[in-house]
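One structure below.
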Amino acid sequence: MNDTRLAVGDIAPDFTASTDSGTFRLADLRGRKVILYFYPAAMTPGCTTQACDFRDSLDRLHAEGYEVVGISKDSPEKLAKFREAEGLTFTLVSDEDLAVQNLYGAWGLKKLYGKEVEGAIRSTVVIGEDGAVALAQYNVKATGHVAKLRRDLKID
């Protein structure tokens, strides 16, 4: 478990991880703007809502130069089912060993139904073209988050 959270100006840690269709390398997106969003589990109500909101905003985000990458501890096989079920067209990263979530401060203690538990912290990190963190949001809500993110990034 890692309690370190990224802040604006930090250099985003590079990583390589499996996807439902191959391998993802953050370094391959250097020079582009990237939205990494961390979610607890594919095919659950909140995570599905959030993924579909990103899917529905993807054209607008791409028009502003952003790539979207979803990251969870789900297996590549489960991510493939999630992609198919919801028509998702952005990259889904499998972080089964929690290495990426720990690097980004998206795994740790959180409140769940009034109890403190260890788990995925729903988070979004926006990385600028220079590889630095442009925005870091932790403990975000699934519903309405993409609309709020678009407002924060000044994308209508």
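Values in this text are rule-based calculations from the coordinates and carry no lab data. None of these values were measured; they are calculated from a predicted model. Quick reminder, even Gly has a Cβ in these numbers, built from the backbone with ideal geometry, and neighbours come from all protein chains shown.
The 3J(HN,Hα) values that the Karplus relation (6.51, -1.76, 1.60; θ = phi - 60°) gives for the stretch 9-20 are, in residue order, x, 5, 7, 5, x, 6, 7, 10, 8, 6, 10, 6 Hz. Gly and Pro appear as x.
Placing R0 at 30 angstrom, the Cβ-Cβ distance between residue 10 and residue 84 gives a FRET efficiency of 0.30 after rounding to 0.05. For residue 77 and residue 23, a Förster radius of 22 Å and the Cβ-Cβ distance give a FRET efficiency of 0.90, rounded to the nearest 0.05.
For the chain, list the DSSP H helices whose alpha carbon atoms reach 30 Å or more along the long axis and whose average Kyte-Doolittle value is 0.5 or above? Don't skip to the end; give the middle numbers.
Numbers: long enough: none.
Helix filter hits for the chain: none.
Overall, the stretch 16-152 carries a charge dipole of about 420 debye about its Cα centre when +1 sits on the Cβ of Lys and Arg and -1 on the Cβ of Asp and Glu, all other atoms neutral. State whether the chain is rounded, prolate or oblate according to the following rule on the C-alpha gyration tensor (a ≥ b ≥ c being the square roots of its eigenvalues): a/c under 1.5 gives rounded; otherwise a/b larger than b/c gives prolate, and the remaining case gives oblate. The shape class here is rounded. Taking every DSSP helix (H) stretch of at least 4 residues in the chain, weighting each as -39,500 (n - 2.57) and dividing the sum by the residue count yields a mean residue ellipticity at 222 nm of -8500 deg cm²/dmol.
Give the relative contact order (percent, whole number) for the stretch 16-152; include only Cα pairs under 8 Å separated by 6+ residues. Don't skip to the end; give the middle numbers.
On the way: 247 pairs, mean separation 41.3, N = 137.
That works out to 30 percent.
Please report the antiparallel percentage of DSSP beta bridges with both residues in the chain, rounded to the nearest 5. Present the calculation step by step, with values, prior to reporting the outcome.
On the way: 22 of 32 bridges.
Close to 70 percent.
Of the residues 106, 11, 31, the one whose Cα sits farthest toward the positive end of the charge dipole of the chain, with +1 on the Cβ of Lys and Arg and -1 on the Cβ of Asp and Glu, is 106.
A 18 angstrom limit on the alpha carbon distance is what I want to check against. Which of 33/154; 81/148; 111/141 exceed it? Mind dumping the intermediate values first?
Values: 33/154 14 Å; 81/148 28 Å; 111/141 13 Å.
Violating the 18 Å limit, Cα to Cα: 81/148.
Here the label points at residue 154 and residue 59, each 7 Å from Cα along the C-beta direction, are separated by 2.4 nm in the simple model.
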